[in-house]
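Note sheet for the following structure.
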């Protein structure tokens with residue numbers, strides 16, 4: 001589990017194709033790599049990956065075909081910057097929201113505009129996933145926990161404060177940038193629960209009584 005609070009930025013130092021999968025090497029001077037062990041979970045642009053080798057300045061990880069298909073990791077090149085977050089430890093602060101590192105889809109930056117000292121981004125996602133994004137709800141974008149300002153169709157927008165723009169990749173994004181999206185965990189589980197009628201409580205029942213739309 002993660003919180004969507006990025007701990008460091010890193011750089012892709014190598015990408016090796018291995019039987020259809022990819023061995024990814026990440027380097028960063030922003031994390032205490034000596035404290036980690038092989039098998040650790042580390043989120044790279046919001047994707048939960050397993051460290052298969054550790055170095056004094058980073059780690060190596062294997063990325064499966066499924067992950068390459070669903071996320072934007074396959075579009076990275078050597079030299080690309082990435083957001084990094086190690087997995088939670090018991091007792092850590094939950095500064096963002098609970099993030100699993102299981103990316104649902106990719107989205108595309110539609111626009112980037114100045115909004116006082118912040119930057120307002122509009123992101124478009126596939127229609128099938130837009131239903132899980134709600135005004136003032138939480139969403140993970142390339143591993144960054146964010147609050148949604150507004151939702152319109154299959155786009156949503158949010159404000160990025162100067163600190164977030166500096167310590168994450170948001171400072172580099174422009175219209176057309178592809179980002180990894182993980183919707184809120186609760187939204188997915190609620191939909192699953194409502195997909196069946198439990199003791200007469202269904203989505204139609206909730207709509208009738210004003211608890212759903």
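Only the coordinates and a few stated rules stand behind these numbers; no lab work does. Everything numeric in this text was worked out from a predicted model, so none of it was measured. Heads up, the Cβs are rebuilt from the backbone with ideal geometry, glycines too, and the neighbour counts pull from every protein chain shown.
Please say if the stretch 93-133 is rounded, prolate or oblate, where rounded means a/c under 1.5 for a ≥ b ≥ c the square roots of the C-alpha gyration tensor eigenvalues, and otherwise the choice is prolate for a/b larger than b/c and oblate otherwise?
Values: a/c = 2.69, a/b = 1.18, b/c = 2.28.
Since a/c reaches 1.5 but b/c is at least a/b, the shape of the stretch 93-133 is classed as oblate.
Using a ≥ b ≥ c from the Cα gyration tensor of the stretch 114-165 (square roots of the eigenvalues), is it rounded, prolate or oblate, where a/c under 1.5 gives rounded and otherwise the larger of a/b and b/c decides, a/b for prolate?
Numbers: a/c = 2.18, a/b = 1.72, b/c = 1.26.
Here the stretch 114-165 falls in the prolate category.
From Cα pairs below 8 angstrom and at least 6 apart in sequence, can you work out the relative contact order of the chain, rounded to a whole percent?
After rounding, I find 22 percent.
Using only the Cα atoms of the stretch 105-191, what are the Rg and Dmax in Å?
12.1, 37
Which order results if 136, 9 are arranged by neighbouring Cβ count within 10 Å, fewest first?
Ordered from fewest to most neighbouring Cβ atoms within 10 Å, 136, 9 come out as 136, 9.
Please tell me the relative contact order of the stretch 8-86 in percent, rounded to the nearest whole number, where contacts are Cα pairs under 8 Å and at least six residues apart. All intermediate terms of the calculation are to be shown ahead of the outcome.
Numbers: 159 pairs, mean separation 30.7, N = 79.
RCO, the stretch 8-86: 39 percent.
Regarding the chain, what whole-number volume in Å³ per residue does the convex hull of its Cα atoms give?
147
Before rounding to the nearest 500, sum -39500 (n - 2.57) across all DSSP H runs of length at least 4 in the chain and divide by the residue total; then give [θ] at 222 nm in deg cm²/dmol.
It comes out at -3500 deg cm²/dmol, rounded to the nearest 500.
Take the stretch 8-86, compute every pairwise Cα distance, and split them into 5 Å bins from 0; I just need the percent in each bin.
3, 17, 30, 30, 14, 5, 1
Rank these for me by crowding, 141, 78, 122, 63, going from fewest to most other beta carbons within 10 Å.
Least to most surrounded, the residues fall as 78, 122, 63, 141.
Neighbouring Cβ atoms within 10 Å as the yardstick, rank 60, 204 fewest first. Could you put the intermediate results ahead of the total?
Values: 60 19, 204 11.
Going from least to most buried by this count: 204, 60.
Students often get this wrong: which residues of the stretch 1-36 have the backbone nitrogen under 17 Å from the point 7 angstrom along Cα-to-C-beta of residue 75?
Hits in the stretch 1-36 for residue 75 at 17 Å: 12.
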